[in-house]
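Structure first, then comments.
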């Protein structure tokens, strides 16, 4: 090959050089989450891990595992719901009692173009606590494609579910334990928190702002 002519470089070598010049961050195993894996893990293990998860959730009230439960739960909530497609599961819509407040009822009735009384007579009943809930399970507004037919006006109970991104995570021990049996995403969140509790990450050191003499 004559002087000044470029040498042939294999694509593999170019890729190695590019990685050295612009290294890509290594994904943490906790980041490797996808819908099918989360749902299958829940199906296999949710029932058998129930007692252990409940005891762990209770322990968050009085043990320090090196993380803030609110912050970690909110972080895991965002991560898992980027991967989980609720319309490919809809188990909460099929199995849970759904509370309907008066404002929920007014909003849904208007959407359905019926009066609140007509809506209540057709869809609601009173539970043992005197609160209104949907009479039917699965939810009567769940379509055959597992999509909510009133999604834009759905009850607050649905809108806020599964509550894992709210403050005061540890105040909902029983709720989270029960939801871990119903929702694959909640089960994944609780499991990841348990893993973190066994392998705590060091807290970042605060810089000492005091002047040294």
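The values are calculated or read from the model by the stated rules, or taken from the named source; none is laboratory data. Source: prediction; values computed, not measured. Counting neighbours? That spans all protein chains shown, and the Cβs are built from the backbone with ideal geometry, glycine included.
Looking only at segment 33-48, count every residue that is surrounded by 14 or more Cβ atoms within 10 Å (Cβ to Cβ), within 14 Å of the chain's Cα centre (by Cα) and part of a loop (DSSP other than H, G, I, E, B) and tell me the total. The number of residues fulfilling the criteria is 1.
At least 1 residues being more than 21 Å from the chain's Cα centre (by Cα) is the threshold, and among the helices (runs of 4 or more DSSP H) wholly inside segment 88-153 those reaching it are 102-112, 116-123. Among the numbered conditions (1) in a helix (DSSP H, G or I); (2) under 19 Å from the mean Cα position of the chain (by Cα); (3) surrounded by fewer than 19 Cβ atoms within 10 Å (Cβ to Cβ), the only one that residue 80 does not meet is (3).
For segment 159-169, state whether one or more residues are free of Cβ contacts under 8 Å to residues at least 12 places away in the same chain, crowded, with 16+ Cβ neighbours inside 10 Å and closer than 15 Å to residue 70 by Cβ. So far as segment 159-169 goes, no, none of its residues is free of Cβ contacts under 8 Å to residues at least 12 places away in the same chain, crowded, with 16+ Cβ neighbours inside 10 Å and closer than 15 Å to residue 70 by Cβ. Is it true that residue 61 is assigned by TED's automatic domain parsing to the domain that holds residue 191 and surrounded by fewer than 18 Cβ atoms within 10 Å (Cβ to Cβ)? Yes: the conditions hold for residue 61.
Based on this model, can you work out whether residue 101 counts as at pLDDT 95 or above, in contact with a strand residue (DSSP E or B) (Cβ under 8 Å, 6 or more places away or on another chain) and under 24 Å from residue 147 (Cα atoms)?
Taking the combined requirement at face value, the residue satisfies it.
Of the residues making up segment 98-124, those that are closer than 20 Å to residue 159 by Cα and loosely packed, with under 14 Cβ neighbours inside 10 Å are 101, 102, 103, 110.
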